[in-house]
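S.K.: Pasting a structure below so you can have a look.
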Amino acid sequence: MNAYEKTGNATMSKEMLAGLGDGHVAYIRKISTDDFVALFPEIDAELGGMAPGTELFALFRANGQPILLTDDESAAIANAAEHDLHTVSVH
């Protein structure tokens, strides 16, 4: 009997969890330019001097990697659909 059979809980590594849904699942999150730069400092120069605190919508891969940053939520949804990504709600 393995651990899953004993407890009903599967064990999954962080890497396996991060890859779950990769290429198929994405999420959209409202985020400020300040928070985005704090999470992804290497992208700061690409924001083109946007005003600090600007509210944007980011489309993220299942593993948390950003795909798209836009000021229009419908554009983020459309981009996900265009790439056959199923968007999910995260809290």
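S.K.: I want the local charge near PHE57. Using Cβ-Cβ distances under 9 Å, sum +1 for each Lys or Arg and -1 for each Asp or Glu among the other residues.
M.R.: Summing Lys and Arg as +1 and Asp and Glu as -1 gives -2.
S.K.: Another question, then. Given contacts defined as C-alpha pairs under 8 Å and at least six residues apart, what's the relative contact order of segment 22-88, whole-number percent?
M.R.: Worked out over segment 22-88, it gives 42 percent.
S.K.: What is the gain in length, in nm to one decimal, between ALA51 and ASP34 on full extension, counting 0.36 nm per residue of separation less the C-alpha to C-alpha distance?
M.R.: 5.2 nm
Taken together, the values in this text are just the output of simple stated rules run on the coordinates, not laboratory data. Since the model is a prediction, treat every value here as computed from it, not as a measurement. With ideal geometry, Cβ positions are generated from the backbone for all residues, glycine too; neighbour counts draw on all protein chains shown.
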